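The values are calculated or read from the model by the stated rules, or taken from the named source; none is laboratory data. The shown structure was predicted, so the numbers you read here are calculated from the model rather than taken from an experiment. No Cβ is skipped: glycine too gets one built from the backbone with ideal geometry, and neighbour counts run over all protein chains shown. Note: accessible area is taken over every heavy atom of the protein model, side chains too, but ligands, DNA and RNA are not part of it. Shrake-Rupley method; radii C 1.70, N 1.55, O 1.52, S 1.80 Å.
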Amino acid sequence: TGFAAMRDEIVLSTAYFPPAEYFSLAAHSRKVLVEREENYHKQTYRNRCIVMGSNGPLALVVPVLRGSFHKTSIKDLRIDNSRRWRDLHLKGIRSSYAAAPFFEFYFDIISDVISGRQSFLIDLNREAFLAICGAAGIDTVHGYTSVFEPEGSLNNDFRYAITPKRTTDIEGYVSIPYTQVFSERHGFIPRLSIIDVLLNNGPGTRALLQRSLEADNC
């Protein structure tokens, strides 16, 4: 059971620096297909990530432009670049992780993604995904879906398994504790952004992600 062996292909939602479990799945898959034909879902990791500030979890939200009276396809969803969200995100990450052991090694990689001038959310998220995979040594192919398939009709479908609204429902996944910047104050907080994992674990990130889905966890 679980992900003891590599899977050829999985399907995930688009996501903005999502939690560790998203990248655990990627680390156990040869190819990740990102859903781009669905309609936009509010209050999900598609345009937000959760980092750990000194006072507790902090949501960093990418503002998006949506039509008032119709549903917007995720592939057509534009970022609201009239707002100063990029500065706010970089400031939030810097203040949260300046004391993290690998901040100096990886902050520029994260900053380059956030500081870009992408117009569409799906392009921003692709750059974030590739940057994290590169930093963590995750060798997986990134692609997109071409048609929308209903939930439950695909194999290895994890589009709706990772959400801020409930505990992640992935068979065999275990959140392995690690030392976080504010562990002494708040204890270990699971389900934070991959930013938290990378800046606290550095070169050990890939091994941590892989162990979270190994067979002996099932």
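Just need the relative contact order of the stretch 1-146 here, percent rounded to a whole number, with Cα pairs under 8 Å and 6+ apart.
Details: 209 pairs, mean separation 43.5, N = 146.
30 percent.
For the stretch 49-62, 3J(HN,Hα) computed residue by residue from phi via the Karplus equation (6.51, -1.76, 1.60; θ = phi - 60°) reads 9, 10, 10, 10, x, 5, 9, x, x, 10, 8, 10, 10, 7 Hz, glycine and proline entered as x. Annotation: lysines with alpha-carbon distance below 23 angstrom to residue 42 (same-chain offsets under eight excluded): 71, 75, 165. Of all segments of the chain bounded by GluC sites (Glu not before Pro) found in a DSSP loop with no more than 15 other C-beta atoms within 10 Å, the longest spans 38-150. Between residue 120 and 79, the built amide H atoms are under 5 Å apart, and every one of these is 5 or more places off in sequence or on another chain.
Averaged per residue, the chain has 48 square angstrom of accessible surface, using a 1.4 angstrom probe with ligands and nucleic acids left out. Placing pseudo-labels 7 Å out from each Cα toward the beta carbon at residue 108 and residue 59 gives an inter-label distance of 3.4 nm. Pick from 19, 150, 203: which residue has the top mean-square fluctuation in a GNM of the chain where Cα pairs under 10 Å get a spring? Maximum fluctuation in the GNM of the chain, among the listed residues, is at 150.
Sketch the reach of a paramagnetic label on residue 98 as a point 7 Å from Cα along Cα-to-Cβ, and name the residues of the stretch 45-63 whose backbone nitrogen lies under 15 Å away. Answer for the stretch 45-63: 53-55. Applying a DSSP loop filter and a limit of 11 other Cβ atoms within 10 Å to the trypsin sites (Lys or Arg not before Pro) in the stretch 139-218 leaves 165, 166.
With a 1.4 Å probe and all protein chains left in place, how much of the accessible area of the stretch 19-105 comes from carbon and sulfur atoms, in whole percent?
Using a 1.4 Å probe with all protein chains present, the stretch 19-105 comes out at 49 percent carbon and sulfur.
Would you mind telling me the antiparallel percentage of the DSSP bridges in the chain, rounded to 5? Display every interim value, and only then the final one.
Details: 11 of 22 bridges.
The antiparallel fraction comes to roughly 50 percent.
Couplings 3J(HN,Hα) for the stretch 125-138, derived from phi with the Karplus relation 6.51 cos²θ - 1.76 cosθ + 1.60 (θ = phi - 60°), are 5, 5, 4, 5, 4, 5, 5, 5, 4, x, 5, 8, x, 8 Hz, where x marks Gly and Pro.
Given axes a ≥ b ≥ c from the Cα gyration tensor, I'd like to know whether the stretch 103-218 is rounded (a/c under 1.5), prolate (a/b larger than b/c) or oblate.
Numbers: a/c = 1.73, a/b = 1.10, b/c = 1.57.
It comes out oblate by the Cα gyration axes.
Each residue of the stretch 178-188 is assigned a 3J(HN,Hα), and the resulting list reads 9, 6, 9, 4, 10, 4, 5, 8, 10, x, 7 Hz, derived from the Karplus form 6.51 cos²θ - 1.76 cosθ + 1.60 (θ = phi - 60°), x at Gly and Pro.
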